[in-house]
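One structure is given below, encoded as structure tokens.
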Amino acid sequence: MIPGGNAAPPGHAPKAVVDTPLFDFGTALEGKMVNHVFKIKNTGEGYLDIRGVKTSCGCTTGNPSKTHVAPGDESEISVGFDTRFQKGHQVRTITAFTNDPNNQQVAMTLQGTIKKQAEASPGAVDFGTVRKGSEGTKQIVINDLVGGGPFSVVPVSNTSADIKVTQEKRPDGKPGALLRIALLKTMPVGAFDDTIKVTTNRVPVQVDVFGTVTGDLNVDPAQVSFGIVPRGQDIVRLVKLSNQGAHTIKVLNVTSSSPAVVASAEPIAPGKDYKLTVMLRRGTPDGQLRGQLTIKTDDPEQATINLPFYAIVGQFKS
């Protein structure tokens, strides 16, 4: 329900008028609060009720000084915009819900440009796809974007024990730091995602680190796509599971997260390669279908392999 859904009755009705609905704060440094006060005046003949204030994002807050405004009086909407981790041109909308029959949603806009104080270059680290047991190293540079004063980087932190971050001085002698990010051979098979948190004497900087570690067992394709299919027939897709290791393995069973999709495994080269037959059953209800197959093996390192599937089921006319 919209907070301002019930307007005042005709007659002695209120009238909500914003003194200046647009505030351009120009340029602000990242990490600084941008504060402004919008004023909503009641120029009508009845009491104006402000029944709620909604902002376009969680980084912006707005609170009215009065929620029951007499004719001729006004309410101040105090707005705070948290600029942490923001950059570039930003626009935020603040909406006040009122009982004004002609203006039940009063819009105010806060806009301006956020200038970053510090950043990582590159802003994210992608290790891509690597084999289990491999190691790799990437590096990033922490840059000072403001200048005119001391800039320091204190020791950094991250969560994963399989990613090691070391800090060095920049080789060019400029303020900031050089960070070496090492992917250790202990990283387990599967997708990984970590965040490096860098504390500076100005603003914090965050760097996402991600990638995928593959083991001896791999499926091709990595996702089963049935595409757009009619409802009245079975659709079959084939997947190959390959064992690139020196030891042999067995596929114990294959289960599905949806009764609409079933799968079975058949050995091609025993212990090395398997063919998976994946079927989308006829009669599956119309709509989008997402799920995954779970392949269980006797491999001690990859006892479970997840294989996503996707389909759009329905009757389509040209």
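The values are calculated or read from the model by the stated rules, or taken from the named source; none is laboratory data. Being a predicted model, the structure only gives us computed values, none of them experimental. For neighbour counting, all protein chains shown are included, and Cβ atoms are generated from backbone atoms with ideal geometry for every residue, glycine included. Side chains included, ligands, DNA and RNA excluded: accessible areas come from the protein's heavy atoms. Shrake-Rupley method; radii C 1.70, N 1.55, O 1.52, S 1.80 Å.
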Item to check | Calculated over the stretch 185-318: convex hull of Cα atoms, volume per residue (Å³) | outcome: 148 Å³
Next on the checklist: Quick check for me: using +1 on Lys/Arg Cβ and -1 on Asp/Glu Cβ, what's the dipole size of the stretch 1-155 about its Cα centre, in debye to the nearest 20?
Outcome noted: 480 debye
Next on the checklist: Given the options GLY62, VAL17, GLY149, identify the residue whose Cα lies farthest towards the positive end of the charge dipole of the chain (+1 on Cβ of Lys, Arg; -1 on Cβ of Asp, Glu).
Outcome noted: GLY149
Checklist entry - Can you tell which of LEU276, SER258, GLY287 lies farthest toward the positive end of the dipole of the stretch 250-302, using +1 and -1 charges on the Cβ of basic and acidic side chains (Lys, Arg; Asp, Glu)? => result GLY287
Item to check | Rounded to the nearest 20 debye, dipole of the stretch 127-286 from Cβ charges on Lys, Arg, Asp, Glu | outcome: 100 debye
Checklist outcome for this item: Rounded to one decimal in Å, the inverse mean reciprocal Cα-Cα distance for the stretch 4-90, i.e. its Kirkwood radius, is 14.5 Å
Next on the checklist: Give me the tail of P(r) for the stretch 174-247 as a percent: Cα-Cα pairs with distance above 21 Å.
Outcome noted: 58 percent
Checklist entry - Considering every pair of different Cα atoms, what Kirkwood radius, in Å, is found for the stretch 73-138? => result 16.9 Å
Next on the checklist: How much accessible area per residue does the chain have, counting only protein heavy atoms and a probe of 1.4 Å, in square angstrom?
Outcome noted: 54 Å²
Checklist entry - Share of Cα-Cα pairs in the stretch 223-274 beyond 16 Å, in percent? => result 52 percent
Item to check | Kirkwood hydrodynamic radius of the stretch 248-312, from inverse mean 1/r over distinct Cα pairs, in Å | outcome: 12.7 Å
Checklist outcome for this item: Counting only residues 5 or more apart in sequence or on a different chain, those whose built amide H sits under 5 Å from that of GLN117 are GLU30
Next on the checklist: If you average the alpha carbon positions of the stretch 114-156 and of the stretch 199-251, how far apart do those two centres end up, in angstrom?
Outcome noted: 27 Å
Item to check | Selection from ASN218, ALA191, PRO230, by position along the positive dipole direction of the chain (Cβ) | outcome: ASN218
Checklist entry - What aspartates and glutamates could a cross-link reach from LYS272, if we take a straight Cα to Cα line under 20 Å and drop same-chain neighbours fewer than 8 places away? => result ASP216, ASP220, ASP298, ASP299, GLU301
Checklist entry - Given labels modelled 7 Å from the Cα in the Cβ direction, how far is it in nm from LEU145 to ASN306? => result 3.4 nm
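Contour minus end-to-end for THR113 and LYS240, with contour as 0.36 nm per residue of separation and end-to-end as the Cα-Cα distance?
40.6 nm
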Item to check | Amide H within-cut-off set for THR284, under 5 Å, with H built and near neighbours excluded | outcome: none
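Once you charge only the Cβ atoms, +1 for Lys and Arg and -1 for Asp and Glu, what is the size of the charge dipole of the chain about its Cα centre, to the nearest 20 debye?
The dipole of the chain has a size of about 420 debye.
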Checklist entry - Cross-link list LYS54/LYS115; LYS138/LYS296; LYS15/LYS54; LYS240/LYS296; LYS87/LYS197: which exceed 24 angstrom alpha carbon to alpha carbon? => result LYS54/LYS115; LYS138/LYS296
Checklist entry - Taking Rh as the Kirkwood radius computed over C-alpha pairs, what is the Stokes-Einstein D of the stretch 118-160 at 25 °C in a medium of viscosity 0.890 mPa s, expressed in µm² per second? => result 185 µm²/s
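Rounded to two decimal places and with Rh computed the Kirkwood way over Cα pairs, what is Rg over Rh for the chain?
Radius of gyration relative to Kirkwood radius: 1.16.
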